[in-house]
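K.L.:
Next up is a structure, given as structure tokens.
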Amino acid sequence: MDAKELSTKTPDQLKEQLVALKKEAFNLRFQQATGQLENTARMRTVRRDVARVKTILNQKAAEAAAAN
């Protein structure tokens, strides 16, 4: 997932994406704690995707505030 793809989504879609990513991050942490996690690199990508979504949401909020 790249920032260009995320910037075309609405804030509601981004919030749904954020919830899904946080659930996945939780499940990955749980798998790691129980020793069942096979793809450890996935944790890093999910964490970075969460950061990307939050960044785009903050940018959209700033644009909306500046427009008013």
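K.L.:
Return the label of the correct value of Rg/Rh (Cα atoms, Kirkwood Rh), as calculated from the structure shown, out of (i) 0.98; (ii) 0.95; (iii) 1.10.
P.N.:
From the options (i) 0.98; (ii) 0.95; (iii) 1.10, the structure gives (iii).
K.L.:
Where the accessible area of the chain is counted over protein heavy atoms with a 1.4 Å probe, how much of it, in %, is carbon and sulfur?
P.N.:
Percent of accessible area from carbon and sulfur atoms in the chain: 51.
K.L.:
What's the angle, to the nearest 10 degrees (0 to 90), between helix 11-34's Cα axis and the longest principal axis of the chain?
P.N.:
20 degrees
K.L.:
Here's another thing I want to ask about it. Taking 8 Å as the Cα distance limit and 6 or more residues as the minimum spacing, I'd like the relative contact order of the chain as a percentage.
P.N.:
48 percent
K.L.:
Here's a follow-up. Could you give the nm distance between label points at Ala41 and Lys22, where each point is 7 Å from its Cα heading toward the beta carbon?
P.N.:
Rounded to a tenth, the inter-label distance reads 2.8 nm.
The values are calculated or read from the model by the stated rules, or taken from the named source; none is laboratory data. Note that the structure is a prediction, hence the values are computed from the model and not measured. Note that each Cβ is placed from the backbone with ideal geometry, even for glycine, and that neighbours are counted across all protein chains shown. What goes into the accessible areas is simple: the full protein's heavy atoms, side chains included, and nothing from ligands, DNA or RNA. Shrake-Rupley method; radii C 1.70, N 1.55, O 1.52, S 1.80 Å.
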